[in-house]
Amino acid sequence: IKSLGIKKAKFNVVSFIPGDLQILPNEVPKIFNLFKIKYIKNTNVLVKGRRTLRLDSPQTQFISKAYTFITKKILGLSVDDINGLPKMFDKKLIKLFPKEIPNTFVFDALILYIATENKWEIIEFPVTFHARRNGLSSWSNKRLKIYLSTFIQIFLLRFKSD
């Protein structure tokens, strides 16, 4: 689970992509090249994917867009795609994480919220989001419960830090 392993990062740059091949590994060098250029000028930079071509189901796209819209409003974020991957940033951002880190897709919102609150530059890079090639969704059979839990976590994230 990304949020558990991320605290053990050994190098200065942290990046992750989903393991189900919805983002292809060849996207990482593209993000890294942009990151390198920005990082030389400012180590407080986060570069992330923005899913511009989506090959997942219309239902998933709708849910993702609704989640992004609501989460942006609650957390005051100015990105186009909360859960767009890959994400790449300096390890020092991890030191700003709370002790309890969500093991859900709220983790992506947490990263962006912390970066925003600490005035990091956030740059989105267009990526293709493929249909799931491997693995099974761990949440598709429990959607309603996950949606409710997600929005509770988002509200707690926003109001715990005030």
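The values are calculated or read from the model by the stated rules, or taken from the named source; none is laboratory data. The model shown is predicted, which means the values in this text are computed figures rather than measured ones. Using ideal geometry, Cβ is built from the backbone for each residue, glycine included, and neighbour counts are taken over all protein chains shown. To get the accessible areas, we keep the full protein, side chains included, count just its heavy atoms, and leave off ligands, DNA and RNA. Shrake-Rupley method; radii C 1.70, N 1.55, O 1.52, S 1.80 Å.
Yes/no per residue for (1) at pLDDT 90 or above; (2) open to solvent by less than 40 Å² (accessible area, probe 1.4 Å); (3) part of a loop (DSSP other than H, G, I, E, B):
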residue: SER3; (1), (2), (3): no, yes, no
residue: PHE11; (1), (2), (3): no, no, yes
residue: PRO29; (1), (2), (3): yes, no, no
residue: ARG50; (1), (2), (3): yes, no, no
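Can you find, within segment 72-86, the residue that is modelled with the lowest pLDDT among those that are hydrophobic (A, V, I, L, M, F, W, C) and not in a helix (DSSP H, G or I)? For segment 72-86, the residue satisfying everything is LEU85.
Given the criteria at pLDDT 90 or above and assigned to a helix (DSSP H, G or I), does PHE89 qualify? When the stated conditions are applied, PHE89 does not pass them. The lone criterion from (1) of a type outside the set (Ser, Thr, Tyr); (2) touching a Leu at 6+ places or on another chain (Cβ under 6 Å); (3) farther than 18 Å from GLN153 by Cβ left unmet by LEU77 is number (3). Scanning segment 57-78 for residues that are open to solvent by less than 10 Å² (accessible area, probe 1.4 Å) and not β-branched (Val, Ile, Thr) yields a total of 1.
Considering every residue within segment 59-71, establish whether at least one is at pLDDT below 95, assigned to a helix (DSSP H, G or I) and among the small types (Gly, Ala, Ser). Looking through segment 59-71, at least one residue is at pLDDT below 95, assigned to a helix (DSSP H, G or I) and among the small types (Gly, Ala, Ser).
Restricting attention to segment 79-108 and to residues that are touching a residue at least 40 places away in the same chain (Cβ under 8 Å), farther than 19 Å from ILE31 by Cβ and not aromatic (Phe, Trp, Tyr), the residue that is surrounded by the most Cβ atoms within 10 Å (Cβ to Cβ) turns out to be VAL106.
Restricting attention to segment 109-154, the residues being of a type in the set (S, T, N, Q) and either surrounded by 14 or more Cβ atoms within 10 Å (Cβ to Cβ) or modelled with pLDDT of 80 or more (or both) number 6.
Of everything listed in (1) surrounded by 15 or more Cβ atoms within 10 Å (Cβ to Cβ); (2) more than 24 Å from TYR147 (Cβ to Cβ), the single unmet condition for LYS41 is (1).
Taking the stated definitions as given, is LEU53 hydrophobic (A, V, I, L, M, F, W, C) and touching a Ser or Thr at 6+ places or on another chain (Cβ under 6 Å)?
Details: hydrophobic (A, V, I, L, M, F, W, C): yes; touching a Ser or Thr at 6+ places or on another chain (Cβ under 6 Å): yes.
Considered against the rule, which asks whether it is hydrophobic (A, V, I, L, M, F, W, C) and touching a Ser or Thr at 6+ places or on another chain (Cβ under 6 Å), LEU53 comes out as yes.
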